[in-house]
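Novice: For reference, the structure I am asking about is given below.
The values are calculated or read from the model by the stated rules, or taken from the named source; none is laboratory data. Keep in mind that what you see is a predicted model, and the values were worked out from it rather than measured. Note that each Cβ is placed from the backbone with ideal geometry, even for glycine, and that neighbours are counted across all protein chains shown.
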Amino acid sequence: MARIAYSDPAKHNERTQELLGKNRNANIFRMMAHSPSYLEQYCRLGGAIRHKGELDPVVRELAITRTGILCEAPYEVAAHKRIGKNVGVTDEQNESLEDWQSAACFNEVQRAALAFTDEIVKLRRPQDATFNAIASKLTPAALVELQLAVGFYIMTSKFLETFDIDMQPVSEVV
């Protein structure tokens, strides 16, 4: 159960109601709607991360889901396993993300991105060898997008866990 009450969509202005509607009134957005201006900017950046970059969507979703795993955010993991499946992440890959290092279902770029993700989450900064491995496989733009995606979803995972956002049935969320 959430640590504070979710906002009531009916009590928000038209723009906030529109954002909530576009996001199926999912609990994370209803909680975030306590600050409508932050919700709007969060949605803008999240939309850019998911729809406007050049980073391969499979690599992006593997990194986001792995971030949720490392941040112990089950809501995030469930949501992005589903989103990942819609962009080409295989069931085997989703099932292997807990222990990706020993799995054979990831290609060289995906493995480098997952190592990079692990170190962004766990360390002060990625080690040079890890950074250089992924930097040799991505354009500078895609590398920036990968780092920002991981950072954004660290924040999202921490938000979910801070407020103890309730999971929702799959049929209720995108």
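Novice: Filter region 44-55 for residues that are among the hydrophobic types (A, V, I, L, M, F, W, C) and assigned to a helix (DSSP H, G or I); which is surrounded by the fewest Cβ atoms within 10 Å (Cβ to Cβ)?
Specialist: My answer is 45.
Novice: Of 41, 93, which residue is part of a helix (DSSP H, G or I), modelled with pLDDT of 95 or more and more than 21 Å from residue 148 (Cβ to Cβ)?
Specialist: Within the list 41, 93, the selection yields 93.
Novice: Filter region 34-79 for residues that are farther than 28 Å from residue 7 by Cα and among the small types (Gly, Ala, Ser); which is nearest to the chain's Cα centre (by Cα)?
Specialist: The qualifying residue nearest to the chain's Cα centre (by Cα) is 63.
Novice: While we're looking at this one, here's another question. Which one of these is surrounded by fewer than 18 Cβ atoms within 10 Å (Cβ to Cβ), of a type outside the set (Val, Ile, Thr) and out of contact with any Gly (no Cβ under 6 Å at 6 or more places or on another chain): 112, 103, 142?
Specialist: Within the list 112, 103, 142, the selection yields 103.
Novice: Now a separate question. Listed residues 77, 58; which is part of a helix (DSSP H, G or I), among the β-branched types (Val, Ile, Thr) and in contact (Cβ under 8 Å) with a residue 40 or more places away in the chain?
Specialist: 58
Novice: If you go through region 67-78 one residue at a time, do you hit one that is over 24 Å from residue 162 (Cα atoms) and in the same structural domain as residue 156 (by TED's automatic domain parsing)?
Specialist: No, there is no match, as no residue in region 67-78 is over 24 Å from residue 162 (Cα atoms) and in the same structural domain as residue 156 (by TED's automatic domain parsing).
Novice: Let me ask another. Could you check, for region 80-88, whether at least one of its residues is touching a Leu at 6+ places or on another chain (Cβ under 8 Å), β-branched (Val, Ile, Thr) and more than 26 Å from residue 12 (Cα to Cα)?
Specialist: Scanning region 80-88, I find no residue that is touching a Leu at 6+ places or on another chain (Cβ under 8 Å), β-branched (Val, Ile, Thr) and more than 26 Å from residue 12 (Cα to Cα), so the answer is no.
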